[in-house]
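What follows is a single structure, written as C-alpha cells, with notes after it.
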Amino acid sequence: MPLDVRVPISGLFGVVGLLLLTYGAFVEGLETSAGQLNGIWGALMVVFAAVLGYYGVRAERRSRLTARTPGE
Amino acid sequence: MRATGLALVDYAVIAVYFMFVLGIGWLVRRSVHTSKDFFEAGRRTPAWVAGLAFVSANLGAQEVIGMGASGAKYGIATAHFYWVGAIPAMVFVALFMMPFYYGSRARSVPEYLRLRYDEKTRAFNAGSFAVMTVFSSGVSMYAMGKLFNLLLGWDMDASMLAAAAVVLAYTTLGGLTSAIYNEVLQFCLIVAGLLPLVLLGLHDVGGWSGLSSRLAHAAVTQGYPAGAYTQAWRHLGSPSQNPVGVEWLGLVMGLGFVLSFGYWCTDFLVVQRAMAADSTTAARRTPLIAAVPKMIFPALVILPGMIAFALTASGDGSLIPPKLGASLQPLLDAQGRAVLDYDLATPSMLLHYFPNGMLGLGITALLASFMSGMAGNVTAFNTVWTYDIYQSYLRPRASDAHYLWVGRLATVGGVLLSIGAAYVARSFNNIMDVLQLVFAFVNAPLFATFALGMFWRRATGHGAFLGLVSGTLAAAIHHGLTLPAGAIPGVKGGYFGVLHTFPSELAQTFWTAIAAFTTCAIVTLVISLLTRPRPEDELRGLVYSLTPKAGSTDAQLTWYTRPAVLAGFVLGATLILNILFW
C-alpha cells in the first residue's frame, strides 16, 4: 500500500481535535458545559491522533526500509 | 422540525474533512498504474484495513439513520440485524467462501459465477447488481440531501451535488484503494461523532437501567410486555408481544439465514473489500475483523434511537417530531396518536446534545456515513461494469490501460447515474420502499445459488440461472399475494390479491425471502440433476470438495491470528451479547 492509512486519519483527528479543543477552551470557555464537552472530546481526539500517527509513521518507515533492502 | 444553523467552527470541521478526503485520493493516485490497482487495490490491502473498510462500506446512511429509526421504533430487537442478521453470515463467508472468491482469481462476484456456472448466470447477476448499486447510491444521496435540508436548511441540490463531486473526485483518482482508505477514515469519524452522543444520552436517562425503566413504561402503554423494548429474544414467541411484529422462526430463518447470508456472502459491495486483501489468509480474516466492530455497533447506532424514544415517550423532550402529511399536519394512527418521524431520531439527538463544534463533528459523521456508502456502491459498480459487462460483451481484447481508462469513465458514469436516481427518488415518494423490495427480490435467492455452486459439484449453469429467475419470481409472487397489517395493496404487497396478512412489514419481508430462497434451491437442484454438469477438472478451486482446504496452512500462523480462532471468538462474543440482552 502506498501510504499507511493511519497517517491521514491521525492528521484529520489531530486537526479537528485541535479545532474543538481551541474552540471549547477559548471561545466557549471551559467554565461552560459546551466548552468542557468540546475541550474534552477535542483533547481525546488529539491523543488518539498522536498514538495512531506514531504507529502509522513507524510502519511507513519500516516499509520504506524493506523496499530499499529487499534481499535482507 | 425547525432547521438549525451551524457556526463557523462546524463548517471548519466539515471543510477539514473534505480536504483530507480529497487529499487521500490525490496521494493514492500515484500508486494506480493498472486496472488491478484501480479495481482491486492491487490486492495489497492489510487485513485490518480491509476489515474496517468491509464494515464501513456497508455503514451507509440507511444504516446510521435507519438503525436509529428502528431503535426508536423496535428497541433492542433491532440488534438482531447485527447479532443474527450479520455476524453468523460474516463468519461463514470468511471461513468457507472467501477461499473460493479469492483463490479462484475472480475479480468480481459475477465473474465467480461465470467461472463456476456459465455466462448467462453471470450476466443476470451483473446486470441486476449494477442497477441496484446505482439506485442504492442515488437513494442514499437523496436521503442525505433531504435530511440536511430539513435539519440545517441546506439547499438539497447543493448538498447532494457537493457530496457526489467529492466522492467522484477521490474514487476516480485513486479507485478502490482511495475508497478503502476513506472508508477506514469514515469509520473512525462515525465512531468519534456518535460515541459522545451515546454517552451523553445514557447519562441523561440514568444509564441502561434508567433507559429500561422509561421504555418499560412506554411498552406497557402500547400494550406490550414491559421488557418489549429492552429484551431482544424473550418476547419473540408471538408477533403480538413485540414491536417488531415477528416470531423467532421467521426472524432466524428469514433474517438470520436467507437475507443475511444472501447479502454478506454474495453482495460484491462488501466482498470486494475482502478480495482486495493481500493474501488468502488476510481475505479470510477480513470479515472476521469486520465482525468485531459490527457486533458493537448497536451501541452506537441503535441506542440513540432508543434514548430519543424514551425521552419523547416519557415527556422529557420531543426528540422525535411527528410525521407530517401533505397538508403539513401531523399524521395520526388508528388510535388517534401522532405518528412519529423515527428517521429523525438520531439527527434530533445530535441537535439536542451537541453544542457548536461537536455538532460539526456529528454532522461530519453523518456525511461520512453517506459518502462511504456511496463510494462503496460506485467502486463496486465500476468494477462490475468494466469487467463483467464491458470487457465480457463489448470490447473483450483491449489493453489493460484501456480498461483502466474505462474504469475511470465508468466511475463518472456511475456517479452521474446515481445523481439521476436521486432525482427520480425525489419525484416518487415511495421509491425507497420500491428499492428495498426489488433488492430483496434479487438478493433473497442468491445465497442458494452460491451455496449450491460452492458445495455441490453437481450444480449446473442451467440450474443456477433458472433457480435465480424462479427465486426472484417466487419473491414477487409471495409479496404480491400477502400484505402487512394496516397496509393497502400496492408497493407494500397484495397486488395480485391478498391470501395472507402478516402482522408487520418485516415479517412479510422475512417470509418472502424464505419463499424465494426455497424456490431457488429446489429449482436449482432439480434442473441441475436433469442437465449435464461440467467436468471436475474445470471446477477445481471453485467447489469445496475439489479444492485443497484453505485451513490446511493455518497451522503456520500464530494461534490468535488463525481464522478459525478469530471466528470462535466472534461467535462466542455474539452469543454472550445475545444472552446479556435476552
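Considering B:G5, B:G42, the condition of being part of a loop (DSSP other than H, G, I, E, B), out of contact with any Pro (no Cβ under 6 Å at 6 or more places or on another chain) and touching a residue at least 24 places away in the same chain (Cβ under 8 Å) is satisfied by B:G5 alone. Selection of the range B:77-94 for residues being part of a loop (DSSP other than H, G, I, E, B) and among the β-branched types (V, I, T) yields only B:V84.
Check every one of the helices (runs of 4 or more DSSP H) wholly within the range B:227-314 and list those with 2 or more residues that are under 30 Å from B:R44 (Cβ atoms). First the steps, then the outcome.
Working: elements: B:260-264, B:268-275, B:280-301, B:303-313.
Ranges flagged: B:260-264, B:268-275, B:280-301.
Scanning the range A:46-65 for residues that are under 20 Å from the mean Cα position of the chain (by Cα), facing another protein chain (nearest Cβ under 7 Å), surrounded by 13 or more Cβ atoms within 10 Å (Cβ to Cβ) and within 22 Å of B:A7 (Cα to Cα) turns up nothing.
Out of all the residues in the range B:198-206, is one or more assigned to a helix (DSSP H, G or I), touching a residue at least 12 places away in the same chain (Cβ under 8 Å) and touching a strand residue (DSSP E or B) at 6+ places or on another chain (Cβ under 7 Å)?
Among the residues of the range B:198-206, not one is assigned to a helix (DSSP H, G or I), touching a residue at least 12 places away in the same chain (Cβ under 8 Å) and touching a strand residue (DSSP E or B) at 6+ places or on another chain (Cβ under 7 Å), which makes the answer no.
Only one entry of B:A50, B:A57 meets the criterion of being away from every other protein chain (no Cβ under 14 Å), part of a helix (DSSP H, G or I), crowded, with 24+ Cβ neighbours inside 10 Å and touching a residue at least 60 places away in the same chain (Cβ under 8 Å), and that entry is B:A57. Of the residues B:T45, B:T34, B:T78, the single one that is touching a strand residue (DSSP E or B) at 6+ places or on another chain (Cβ under 6 Å) and not small (G, A, S) is B:T45. Per the listing B:G145, B:G175, the residue uniquely closer than 28 Å to B:N356 by Cβ and assigned to a helix (DSSP H, G or I) is B:G145.
Kindly evaluate B:A72 against the criterion of being aliphatic (A, V, I, L, M), under 24 Å from the mean Cα position of the chain (by Cα) and within 11 Å of chain A (Cβ to nearest Cβ). The answer is no for B:A72. Of all the numbered requirements in (1) more than 29 Å from B:D157 (Cβ to Cβ); (2) part of a helix (DSSP H, G or I), B:A422 misses one, and that requirement is (1). Considering the range B:140-157, and only residues there that are under 27 Å from B:N382 (Cα atoms), of a type in the set (A, V, I, L, M) and surrounded by fewer than 24 Cβ atoms within 10 Å (Cβ to Cβ), the residue that is modelled with the lowest pLDDT turns out to be B:A143.
Only one of A:V16, A:V47, A:V51 is under 25 Å from B:W48 (Cα atoms), touching a Leu at 6+ places or on another chain (Cβ under 9 Å) and modelled with pLDDT of 95 or more; which? Please lay out each step first, then the result.
Details: A:V47 fails: touching a Leu at 6+ places or on another chain (Cβ under 9 Å); A:V51 fails: touching a Leu at 6+ places or on another chain (Cβ under 9 Å).
After applying the criteria, what remains is A:V16.
Filtered by the rule that a residue be more than 7 Å from chain B (Cβ to nearest Cβ), under 17 Å from the mean Cα position of the chain (by Cα), aliphatic (A, V, I, L, M) and over 21 Å from B:S178 (Cα atoms), the range A:3-39 gives A:L18, A:L21.
Taking the numbered list (1) in contact (Cβ under 8 Å) with a residue 24 or more places away in the chain; (2) in a helix (DSSP H, G or I) in turn, B:F569 passes all entries but (1).
Taking the range B:481-520 as the range and being assigned to a helix (DSSP H, G or I), among the aliphatic types (A, V, I, L, M), at pLDDT 90 or above and touching a Pro at 6+ places or on another chain (Cβ under 8 Å) as the test, only B:A516 passes.
If you scan the range A:19-34, which residues turn out to be modelled with pLDDT of 90 or more and surrounded by 20 or more Cβ atoms within 10 Å (Cβ to Cβ)? Matches in the range A:19-34: A:L19, A:L20, A:L21, A:Y23, A:G24.
Could you identify the single residue in B:T518, B:T472 that is of a type in the set (S, T, N, Q) and surrounded by 20 or more Cβ atoms within 10 Å (Cβ to Cβ)?
Values: B:T518 fails: surrounded by 20 or more Cβ atoms within 10 Å (Cβ to Cβ).
Only one candidate passes the filter, namely B:T472.
The listed residues are B:A380, B:A345, B:A375, B:A368, and the only one of them that is closer than 16 Å to B:A126 by Cα, crowded, with 17+ Cβ neighbours inside 10 Å, in contact with a helix residue (DSSP H, G or I) (Cβ under 8 Å, 6 or more places away or on another chain) and of a type outside the set (D, E) turns out to be B:A380. Residue count for the range B:152-202, restricted to those that are within 14 Å of chain A (Cβ to nearest Cβ) and charged (D, E, K, R): 1. All conditions but one from (1) out of contact with any helix residue (DSSP H, G or I) (no Cβ under 7 Å at 6 or more places or on another chain); (2) at pLDDT below 95; (3) among the β-branched types (V, I, T) apply to A:V5; the one that does not is (1). Within the range B:21-47, the set of residues being among the aromatic types (F, W, Y) and within 12 Å of another protein chain (Cβ to nearest Cβ) comprises B:W26 only.
The values are calculated or read from the model by the stated rules, or taken from the named source; none is laboratory data. These numbers come from a predicted model, not from an experiment. Don't worry about glycine lacking a Cβ; one is built from the backbone with ideal geometry, like all the others, and counts go over all protein chains shown.
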